[in-house]
Amino acid sequence: MGYNNSTKFAFVKKCFFDSGLTVFYMKISSSQMFRNLSKWYLSALMLLFLAGTFNSQAQGEGLFKAKCATCHQVFKDGTGPKLYEVRQKWADGGAAEGSIYQWVKNFEAAAAADPYAATVVAWSGTNMNKFPELSDDDITAIFDWVDSQVDGPKDGGGDVATVEGAVEEESSMGWVWMLLGVMFVVIILAVGGVRRQLKAATVEADGGEYNDDMSYMDEIKQWAWDNRKKTVVGIVIIVLALIVTLFLSLYTIGTVEDYQPSQPIEFPHSVHAGINGIDCKYCHNSVTKSKSAGLPTVNVCMNCHKQVSGSTPEQQAQINKIYEAAGWNPEGAGKYTGETKEIVWNKVHVLPDHVYFNHSQHVEVGGIDCKQCHGDMTKMVGTAKVQPVSELNKIEGNIQLTKTTLTMGWCIECHSEKEISQGPLDSKKDGYYDEIHRRLMNNDKSLYGEYLEDGKVTVKELGGWECAKCHY
Amino acid sequence: MKFKGLSSIAIAAVSTLLLGSCGADPDSAGYEYMPDMYRSAAIEPYVDYGEIRGREDKDAKMKISAKVPPFGTIPYYGTDEQEVMLMLPYHRKGHISMKESHGLYGFDLVSTNEYELAAGDKNPYTLTADNMDAIFAKGKSLYTANCAHCHGEKGDGNGPMMTNETYVGVPDYANLKNLGDGQIFYSIYYGKGFMGAHASILDKKEIWTLVHYIRKFQDQEYGKPGAGANLGVEGAVAADTTSNQ
C-alpha cells in the first residue's frame with residue numbers, strides 16, 4: 001500500500017520533471033531561439049537554476065539517508081530528535097548563529113561554545129556521532145531537504161479493519177438465521193392453530209362435539225397409529241441418519257481444520273510477511289534449531305516497532321499493546337522502563353502429547369518450506385489458523401495431499417510422497433540425506449534400486465511410516 | 001386453547017434462541033478423544049507453567065510459557081575446542097545507556113565505551129579455503145532470514161521495509177567499510193541506533209558468520225588472500241555517498 005503510493009508519487013515526480021526538460025529542449029531547438037536571444041538566455045538560466053536546486057535536493061536526501069537517518073527521522077523523535085525545521089527550533093531557543101552547523105560537525109565543541117547547544121546534550125543518554133567531513137553546504141542541503149518534506153499519513157499497510165468487518169458480518173449473519181428460524185417456527189405453529197380452529201369449527205358445524213382436551217401429543221399419536229407403515233419407515237430413516245451423523249461427527253473429533261482462535265493482538269501476517277517481506281524465520285527464529293517454531297519474544301517485535309508505531313488509530317491501539325508488554329515509553333526519544341508485561345497468545349497448532357513432531361528436522365534437515373503445512377502466510381490477513389488441506393493444495397510447489405490437516409493420515413501421506421533430497425550422485429553435497437544416499441549406494445545396491453523404482457527415495461522408505469518414529 | 005397456543009409459541013421461540021446461542025467457542029479447538037493422552041505430563045514449550053500435573057503455581061499462572069536456564073548454565077557445544085571457545089559468552093559488555101535505549105535489563109552493562117574497543121576484535125571464526133563456501137552459504141541463509149527485510153538483499157539498505165517506507169534509516173554497508181569486525185558483531189549483538197539487540201535470536205557463531213557475509217558485500221574479493229585490506233580501518237574515509245545516488 002505504502003509501497004504503491006510512494007512509487008506512484010516518484011513516478012509522477014519524474015514525469016513532471018522530464019516533461020519540463022522536454023519543454024525547454026523544444027524551446028531551444030525552435031528557430032525562434034536566434035531571433036529571441038534574451039528569452040533563450042532566460043530559459044537556460046532557469047534550467048540551470050532548476051537543475052541546481054534539484055541537485056542540492058538529491059544531495060540533501062542522499063546525505064540524510066547515509067549519515068543521519070540511522071538515528072534521526074524527519075517528523076518523529078527517535079534515537080535523536082526529529083529534524084523538521086530544527087534550524088528554526090534552535091533559533092527560537094536562542095542558539096548562537098551557526099552553532100547548529102558546528103554541532104553537526106562536532107557536538108562537543110558546539111556544546112562548549114554555545115549554552116543552548118549544551119542543553120541539547122541532555123536530550124538523550126546517547127551521544128551524537130561527529131561528522132567533521134560534512135561541509136556547511138552539505139549540512140544546509142540536508143536541512144533544506146528535511147524542511148521540504150511533507151508530513152502525511154504513511155500507510156504501513158494493515159487490513160486490521162477489514163478483518164474486524166468480516167468477523168462482524170459473520171456474527172450478524174448468525175442473527176439473521178436465528179430470526180428466520182424463529183419466524184419459521186412461529187408460522188408453523190400459527191398454521192397449526194388455524195387448522196385446529198378450522199377443524200373445531202367444521203366439527204361443531206356438523207353438530208358434533210370437538211374434543212378440545214386432545215393435546216398435540218395425542219393428535220400425533222393418533223396420526224401415527226393411523227399411518228403405521230409410513231411411521232415405521234420414517235423412524236428407520238431417522239435412526240439411520242442419526243447413526244451416520246454420529247459417525248461423521250466422531251470423525252471430526254480431534255480434527256482442527258480452520259481453527260483460528262482469538263489472539264491478544266490482531267497480528268496481520270499479510271503485512272509482516274507479505275508487504276514488508278520479513279522472513280518467517282526472523283520472528284519464529286527457533287524453527288531451525290528446536291522442536292518448536294517459537295513465538296517471537298517481545299524484543300523481536302520491538303526491533304521494528306520501536307520505530308513503526310502505526311498510522312491509523314486501530315494499528316496504534318494494537319501496537320500499543322506491544323509497547324505495554326515491552327515496557328516501552330514512546331514519548332520523546334522513547335525509553336524502556338523495565339516494567340514488562342506478558343502477552344498471552346492462544347496456541348493454534350496443538351498436537352497431542354503422544355505425537356512427536358520436530359520443526360528443525362522438517363525445516364532444517366528436510367528442507368520443507370513453511371507453506372507446505374501452514375499455507376501462504378504472506379496472504380493471511382489475520383492471525384494464524386489451521387489451513388484446511390484444500391487450501392494447502394492450491395499453493396504452487398506443495399505436495400498434494402488428501403487427508404485432513406494435522407491428522408496422522410495427513411502426516412504419513414506426505415511421508416510416502418516426499419523425496420528426501422535430490423541429486424544423490426552429487427558428491428559435493430554433504431547434507432544429512434546426501435550421506436544416506438551415498439551409504440545406500442555403497443552398501444546395498446539392490447535395496448537402493450528397489451527404492452529408486454519410482455525415481456525417488458521417500459521418507460517412508462527410510463522408516464517414515466514406523467510407529468516409533470513419531471510415537472514414543 | 002388460545003393460552004395453550006401462545007405458550008407453545010413462546011416455548012418454541014425461547015428454545016430456538018437458546019439453541020442458536022450455542023455457537024461453538026472460537027477459542028476451543030473442539031473435542032478430544034482422550035485428554036489425558038493429549039496433555040503432556042512433562043514440560044513442553046508453550047504450556048502454561050501455572051499448572052503442572054495438577055500442582056498450581058499462582059505466580060506463574062498465564063505468565064510463563066518458557067523459562068530461562070538457571071544462572072551459570074553453559075550450553076553444550078561438543079568437544080571441538082575451537083567451537084567451544086567461539087561459543088563462550090561474549091566478553092564485551094553493553095553500554096549503560098542501552099538499558100533504556102535498547103531494553104537491556106538483566107544484562108551486565110558498563111559505562112566505558114566498549115563499542116570503540118570492539119574495533120580491535122578480530123573475527124574468531126576464521127575463513128579458510130575449505131570452509132569459505134560453507135560459511136558464505138550459511139551466511140546467506142542467515143542474512144535472508146534475519147537482515148534482508150531492512151538491509152536489502154544486496155546490503156544496500158534497500159530492503160522491502162525501506163522501499164515501502166515503513167522504516168527509515170538503514171545504512172548502506174558500502175558506507176560502513178571503516179567499521180571493525182568486532183564493531184559489526186557488537187552492533188548485531190547489542191543493537192545500534194534503531195536496530196535492536198539480536199543476541200536473543202542469533203548465537204555467537206551465527207553472528208560471526210554474518211560478519212563474514214556482510215564483509216563480502218563491502219568487498220567482492222573478501223576471503224581471498226590479500227583482499228579486505230580496506231576494511232575495518234578506523235578513520236578510513238567512508239565512500240562518497242553522493243556518487244552512489
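The values are calculated or read from the model by the stated rules, or taken from the named source; none is laboratory data. What you see is a predicted model, and the numbers here were worked out from it, not measured in a lab. Cβ placement follows ideal geometry from the backbone for every residue including glycine, while neighbour counts extend to all protein chains displayed.
Numerical summary
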read-out: Unmet criterion (only one of (1) surrounded by fewer than 18 Cβ atoms within 10 Å (Cβ to Cβ); (2) part of a loop (DSSP other than H, G, I, E, B)) for B:G232; value: (1)
read-out: Some residue of region A:189-206 being within 14 Å of chain B (Cβ to nearest Cβ), touching a Leu at 6+ places or on another chain (Cβ under 8 Å) and in a helix (DSSP H, G or I); value: no
read-out: Search result, residues across region B:165-223 that are in a loop (DSSP other than H, G, I, E, B), of a type in the set (D, E) and closer than 30 Å to B:Y76 by Cβ; value: B:D203
read-out: Meets criteria (of a type outside the set (K, R), without any contact (Cβ under 8 Å) to a residue 12 or more places away in the chain, surrounded by 14 or more Cβ atoms within 10 Å (Cβ to Cβ) and within 14 Å of chain B (Cβ to nearest Cβ)) for A:A110; value: no
read-out: Qualifying position, being touching a strand residue (DSSP E or B) at 6+ places or on another chain (Cβ under 6 Å) and crowded, with 18+ Cβ neighbours inside 10 Å, among A:K306, A:K281, A:K335; value: A:K335
read-out: Evaluation of B:A199 against (1) in contact with a Leu (Cβ under 7 Å, 6 or more places away or on another chain); (2) surrounded by fewer than 22 Cβ atoms within 10 Å (Cβ to Cβ); (3) not acidic (D, E) (one fails), failing number; value: (1)
read-out: Any hit, region A:353-365, residues being under 16 Å from the mean Cα position of the chain (by Cα) and part of a loop (DSSP other than H, G, I, E, B); value: no
read-out: Only one of B:D121, B:D130, B:D108 that is among the acidic types (D, E), surrounded by fewer than 16 Cβ atoms within 10 Å (Cβ to Cβ) and more than 13 Å from every other protein chain (Cβ to nearest Cβ); value: B:D108
read-out: Enumerated helices (runs of 4 or more DSSP H) restricted to region B:51-133, each holding at least 2 residues that are within 23 Å of the chain's Cα centre (by Cα) and farther than 25 Å from B:G196 by Cα; value: B:81-87
read-out: Residue match in region A:282-292 (condition: more than 7 Å from chain B (Cβ to nearest Cβ), modelled with pLDDT of 90 or more and touching a Pro at 6+ places or on another chain (Cβ under 6 Å)); value: yes
read-out: Residue list for region A:261-280, filter: in contact (Cβ under 8 Å) with a residue 60 or more places away in the chain and either in contact with a Leu (Cβ under 8 Å, 6 or more places away or on another chain) or within 7 Å of chain B (Cβ to nearest Cβ) (or both); value: A:P261, A:S262, A:I275, A:N276
read-out: Tally, over region A:372-416, of residues that are among the hydrophobic types (A, V, I, L, M, F, W, C), over 19 Å from A:V457 (Cα atoms), surrounded by fewer than 18 Cβ atoms within 10 Å (Cβ to Cβ) and over 21 Å from the mean Cα position of the chain (by Cα); value: 1
read-out: Condition met for A:W103 (within 14 Å of another protein chain (Cβ to nearest Cβ) and of a type outside the set (S, T, N, Q)); value: no
read-out: Filter pass, B:D36 being at pLDDT 65 or above, surrounded by fewer than 13 Cβ atoms within 10 Å (Cβ to Cβ) and in a helix (DSSP H, G or I); value: yes
